[in-house]
1. Given 62/266; 139/350; 53/281; 227/350; 62/139, which pairs have Cα atoms separated by over 24 Å?
2. Any idea what log10 I(q)/I(0) is at q = 0.10, 0.12, 0.22 Å⁻¹ for the stretch 159-297, Debye with uniform C-alpha scatterers and no solvent?
3. Measure out, as a whole number of angstrom, how far apart the alpha-carbon centroids of the stretch 21-73 and the stretch 289-307 sit.
4. Just in the stretch 85-114: which trypsin sites (Lys or Arg not before Pro) are loop by DSSP and have at most 16 other Cβ atoms within 10 Å?
5. Over the stretch 1-131, consider all pairs of different Cα atoms and compute the Kirkwood hydrodynamic radius from their mean reciprocal separation; express it in Å, one decimal.
6. Which whole number in µm²/s is D for the chain by Stokes-Einstein, with the Kirkwood Rh taken over Cα pairs at 37 °C and 0.692 mPa s?
7. Between residue 59 and residue 289, what is 0.36 nm times their sequence separation minus the Cα-Cα distance? Round to one decimal in nm.
8. Whole number please: convex hull volume per residue, Cα atoms of the stretch 54-120, in Å³.
Amino acid sequence: MALATIARPGNMRAAVLYGKEDVRLESVPIPEIGPGELLVQVRAALTCGTDVKVFRRGYHAKMITPPALFGHELAGDVAAVGAGVAGFAIGQRVVAANSAPCDRCFFCLRGQQNLCEDLLFNNGAYAEFIRIPARIVEKNTYHIPPGLDYRDAALAEPLACALRGLDECQVRPGDTVAILGLGPIGLMLVRLARQAFGARVVAIARRLEPVDRAIALGAHEGLLMGKDDALVSQLRSLTEGRGADVVIEAVGQPEVWELATRLVRKGGVINFFGGCPMGAKVGLDTGMLHYSEITCKASFHFTPAHVRRALAWIAEGAVDSRHVVNHNESLNDLPQVLHDLAHRRNGQIKTAIIP
């Protein structure tokens with residue numbers, strides 16, 4: 001029988017988002033949990049490109065409305081167990097995703113759980129404790145495999161996004177996959193495309209440093225963005241004049257979306273993975289798209305199945321935190337960490353916040 005407890009009384013330190021570049025560390029009540037829920041003591045919370053965008057913009061239309069607890073990539077220990085919870089006990093190490101689908105709506109019943117009409121999101125990872133809602137406990141919370149570091153386990157959520165993006169492109173062994181943008185998610189795409197899908201990877205960024213990182217993670221070639229015509233010519237020279245089989249845009253800028261369409265071969269696939277600011281528009285060459293039979297896709301979020309697969313890849317050692325996490329900081333340092341990431345200071349890629 002599952003052990004039922006109530007959340008311990010008292011306060012905790014937590015990050016609260018108030019608006020544009022306004023995150024404050026405050027003392028707030030430790031969350032109380034109800035039936036089916038878990039209270040998790042956070043051992044590692046990872047910064048995320050989405051969090052940095054939210055920090056810069058002050059909100060996220062789907063995930064968070066300020067003022068609100070902040071952060072969503074985490075791993076930790078079960079501190080309290082709600083009535084009726086099966087499979088989890090106090091002291092066990094867990095990783096909880098930041099969402100869970102309803103599994104009843106039109107989209108869920110068609111295997112598109114990431115587009116669930118009632119997709120439940122959870123925030124609050126930048127804190128000493130976090131409440132895991134019952135639906136996420138049931139559908140998207142997992143035991144951390146023995147020997148796996150908390151920082152590694154916390155990569156399951158972003159890695160699941162990258163995994164689904166590659167699935168959507170139907171990448172096959174030997175395909176040439178060009179990845180535009182080499183932030184944390186771009187580097188994970190590089191690693192997975194090579195290790196999990198057996199692709200030939202061309203890594204593309206504006207600066208040499210991230211290209212070198214991508215090469216170290218398995219990319220076969222690296223190119224620098226500059227003049228678009230020169231980049232197109234360089235990529236075509238690597239692909240016998242054709243262009244890449246798959247192009248993944250992981251920057252989230254309209255002009256880079258447009259550039260992606262010039263790098264793909266006839267009959268190829270473009271994945272607009274990077275989310276642009278709300279209201280942004282792009283101009284596409286309709287003749288090229290039509291007569292070259294280009295498939296344009298976009299990938300948003302993940303499904304629980306992708307989280308499970310991502311955690312398995314991490315457990316096997318294909319991806320770990322050393323590949324993308326290059327700083328460890330305390331919870332008190334979070335506001336400065338987010339400022340540095342937003343303004344590209346101190347060479348940070350992804351930071352582990354250790355409460």
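1. Details: 62/266 35 Å; 139/350 27 Å; 53/281 18 Å; 227/350 28 Å; 62/139 20 Å.
Long pairs (Cα-Cα over 24 Å): 62/266; 139/350; 227/350.
2. Normalising to I(0) and taking log10 leaves -0.27, -0.40, -1.49.
3. With the stretch 21-73 and the stretch 289-307 each reduced to a Cα centre, they are spaced 28 Å.
4. Working: sites: 93, 104, 110; in loops: 104.
Passing sites in the stretch 85-114 are 104.
5. The Cα-based Kirkwood calculation yields 15.7 Å.
6. Working: Rh = 20.9 Å.
My calculation gives 157 µm²/s for D.
7. 79.4 nm
8. Working: hull volume 9.2 nm³, N = 67.
Cα-based convex hull of the stretch 54-120, divided per residue, equals 137 Å³.
Rule-based calculations on the coordinates, nothing more; no lab input. Computed from a predicted model, the values in this text were never measured in an experiment. For neighbour counting, all protein chains shown are included, and Cβ atoms are generated from backbone atoms with ideal geometry for every residue, glycine included.
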